[in-house]
Structure formats: C-alpha cells, structure tokens
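The values are calculated or read from the model by the stated rules, or taken from the named source; none is laboratory data. The shown structure was predicted, so the numbers you read here are calculated from the model rather than taken from an experiment. Ideal geometry is used to build each Cβ from the backbone, glycine not excepted, and the neighbour counts take in all protein chains shown.
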Amino acid sequence: MNISIHNSLTAPLKKEWMGLWEKSAYANIANSPEWFEAALQTYKYKSVRIITAHNDSGELAAVLPLVLEKKFGLGVFAPPAAEFADHCALLGNRGDKSLAESIVSGMLALGTSYITGLGKNEAGIFTSSDNKSIIFPSDEEFFMDFTQGELGKINRKKIKNSLNRINNSDKKANTIIESGASKSALENCFEIDKASVKQRQGRGVFWRKDARLFYSLLSEKLPENVLIQIFSFDNKPAAYWLYFKLKNNYIASQKAYLSGYEYYNLGFVTFVNFLEFLNGEGSDEISLGKGRDRFKTDFTDQSCQLYTAVLSKNVFSRNFLSALLRFRENAYRAAAKRPKFYRGFKELKKLLISHE
C-alpha cells in the first residue's frame, strides 16, 4: 500500500474519494466527503489531515479524514464531527490487515490520534505492531436486521395501547416521511427539539447553532441520504425523527417530541410507523445508534460492541488520552442513568459552550 497524507481536500481527491465511497461495502455517512466538508464549514478546523492508501495498481483503497482538536489539553487528530457519527470515519476494508497497518503508520506520523467505531475483529488487526496503540471497548450499537426476518422484541401491547390513545383523542394525527430534508422540515425538527422532553432532560441537540448548521449543510450536500419523519397533531408538528439512508440501510440519528405529549408515547409510535415504511421499502437493516437505553431494547436485542483505537509514539500522550476517553465514556453512561445529574451536567456544558 502507498500511503499519502493530505493537508486539504482538493477537487481531484474529492472525486476519487467519492468514487470509492459510492462503491465500497464499508461506506457510511460519516466517512463520506460531504460529511467532512459539512464539518469543515461548521467548525472551521485550523488543521486537517486526510490519509489515503492506494494499492499497487494505483487505485484508492482507503480514506481516513482527521481534524486537529484539543482533547484534555492535548492536540489530537480525531474524526470530524464525531459527536454526531455512529460509524467509523475510515472508508476502506477495515478487515484487511495490510490496509490497517498502512493506516496505522499514517496515523502515527501525525503525532497523537484516534478513531472510533471499530468492530471487534477490526480492532484486533488495528493494533500497532510495536505497541504504539491502545484499543478499548467504547460504545455499543443497536440495530435491527430485516434480512433474517422479523427480529427484535417489539412490545405489541405497548403499540396497541399507544395507538388507542392517539385514536381516542380529539386530535387529528398524521405522519409525513420526507426524503430530501427540505428547509421547512429541518426547521420543524429544530423547533420540536428545542421545546422537547429531550431538551428538558438535558439531552437536546438543536439548541446549539453548530448542530443546526451541520445538519443543514449535510442535508444540502446529501439530500437523497437524509430522511425526516414528522408526526403532527391537528397540523401542529409534535414529534420528529431524522434518519440517514445509504443503499438499503438506515441509521436513526436524532429524535424528539414536544413536552406535554408524553401520554401518547410519540417517539415509540412514530418509530413503529417508520418500521412499517421500511417493510414496504424492502430494507435490510436499521441502526438505532450508539448507547444502551430502554427505547432501543424495547425494539431489539441485537447489538455489537464498538472499539476506539488511540495511537501515538508518545507513551504519556497515548496513555493519558486513552484513560480520559474511557473515563468520559464511563462518566457519561453513569450520568445518563441519573436524570437530574445528567441534566445538570449538560446544562453546565451548554453554559460553557455559550461563553466560548
């Protein structure tokens, strides 16, 4: 493999990257050139590196986009807009040992760096041969595989009760699923999110200007890969889901419903409605994203462990970054189990962001 490290995304490189992304079995929204561009326009990173690997025939085999960020006081190269990504930023056959070794050598040349979203087998071959990497479990991804038939453990009684509550109300209910993510649909998502139960619990996303800008840019750049589902009562948008689509697979990215509508279980009902839509589409799989919660386990018992790889020639930087990334993940999971503590934690983060 021939490794190159680029300091910017040129037009020829983007064309080559897009060609690989469109045909690769390892493609996802977060390793597309459009995701990278949307992140650059949103966060104005001061330094970027794009590692590419070409095979002996000169064909592009892998792309790994990274951006320079401050992590716990360290300058670290990390995947762009990683907060919103549920899959690995590396585009290419992550199960290919030769390819993984080449990408590792490129990452080590950058100083300290890390990537997330590696599967168990991928993580095993991503280890640096001279012990300059640390691999650890970091996330759990939940999914529903429709190719194996009707899976999961959907609570039929809960579906019936929720639908009865809606049907027995004096409100007219309807659901719209829109491909292309129009500006009006996005604005509905933003407004619902800001007045949602999710926001009240400290879990809101779209109160942040950067989040709204990033998803708007991504929808403009990949209109056919973004779907928005809006549930309305008497023509008033009350709940939304925002999904990513790639080929025959879907990812549930964001969701929320208005405070005051808890009685109707709108998050549950709207997702059931979307599953019916997917059944008609002949879809293969939907990812419910990273992290374990009651909502996901209500729908599926299928999950996979994801891993993070930290690479650095500097022993202190490697161990320090790994330890703090693990601590952050554990603290986040612990806080998520305690709503009041979690809400306070997120409010503090919101305050810090607003004063940057």
Scanning the stretch 180-189 residue by residue, those hydrophobic (A, V, I, L, M, F, W, C) and assigned to a helix (DSSP H, G or I) turn out to be A185, L186, C189
Matching option when the condition is assigned to a strand (DSSP E or B), within 25 Å of K23 (Cα to Cα), touching a Ser or Thr at 6+ places or on another chain (Cβ under 7 Å) and not hydroxyl-bearing (S, T, Y), among I286, I251: I251
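Residue by residue, here is whether (1) in contact (Cβ under 8 Å) with a residue 12 or more places away in the chain; (2) under 19 Å from the mean Cα position of the chain (by Cα); (3) at positive phi holds:
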position: H87; (1), (2), (3): yes, yes, no
position: S102; (1), (2), (3): yes, no, no
position: M107; (1), (2), (3): yes, no, no
position: G124; (1), (2), (3): no, no, no
If you go through the stretch 321-328 one residue at a time, do you hit one that is of a type outside the set (S, T, Y) and modelled with pLDDT under 85? yes
In the stretch 170-198, anything surrounded by 20 or more Cβ atoms within 10 Å (Cβ to Cβ), over 25 Å from K221 (Cα atoms) and at pLDDT 90 or above is listed as S196
Of the residues T116, T112, only one is among the β-branched types (V, I, T) and over 22 Å from the mean Cα position of the chain (by Cα); which? T112
Can you tell me which residues in the stretch 37-68 are in a strand (DSSP E or B) and either in the same structural domain as L218 (by TED's automatic domain parsing) or of a type in the set (G, A, S) (or both)? A53, A61, A62
Which residue pairs have Cβ atoms closer than 9 Å, lie 6 or more positions apart in sequence or on different chains, and pair a first residue in the stretch 141-159 that is farther than 18 Å from T270 by Cβ and modelled with pLDDT under 75 with a second residue that is hydroxyl-bearing (S, T, Y) and surrounded by 10 or more Cβ atoms within 10 Å (Cβ to Cβ)? L151/T300; K153/T297; K153/T300
Return the residues of the stretch 216-230 that are in contact with a helix residue (DSSP H, G or I) (Cβ under 7 Å, 6 or more places away or on another chain) and not hydrophobic (A, V, I, L, M, F, W, C); say none if nothing qualifies. S216, S219, K221, N225, Q229
Under 6 Å between Cβ atoms, which residue pairs at least 6 apart in sequence (or on different chains) link something in the stretch 5-29 that is more than 16 Å from A61 (Cβ to Cβ) with a partner that is outside any helix (DSSP H, G or I)? N28/H87; I29/F244
Going by the conditions given, is I192 outside the structural domain of D86 (by TED's automatic domain parsing), within 21 Å of the chain's Cα centre (by Cα) and part of a strand (DSSP E or B)? no
Restricting attention to the stretch 312-321, does a residue exist that is in contact (Cβ under 8 Å) with a residue 12 or more places away in the chain, in a loop (DSSP other than H, G, I, E, B), surrounded by fewer than 21 Cβ atoms within 10 Å (Cβ to Cβ) and in contact with a helix residue (DSSP H, G or I) (Cβ under 7 Å, 6 or more places away or on another chain)? yes
If I filter the stretch 224-271 down to residues being of a type in the set (A, V, I, L, M), buried (at least 19 other Cβ atoms within 10 Å of the Cβ) and farther than 20 Å from D170 by Cβ, which single residue comes out as farthest from the chain's Cα centre (by Cα)? I230
For the stretch 200-218, how many residues meet the condition of being crowded, with 21+ Cβ neighbours inside 10 Å and assigned to a helix (DSSP H, G or I)? 3
For the condition under 26 Å from C304 (Cβ atoms), part of a helix (DSSP H, G or I) and at pLDDT 95 or above, what is the one hit in E122, E83, E34? E34
Test each condition in (1) farther than 17 Å from K221 by Cβ; (2) out of contact with any helix residue (DSSP H, G or I) (no Cβ under 6 Å at 6 or more places or on another chain); (3) buried (at least 20 other Cβ atoms within 10 Å of the Cβ) for W21 and report the one that comes out false. (1)
In the stretch 254-283, what residues are assigned to a helix (DSSP H, G or I), free of Cβ contacts under 8 Å to residues at least 60 places away in the same chain and not aliphatic (A, V, I, L, M)? G267, F271, E276, G280, E281
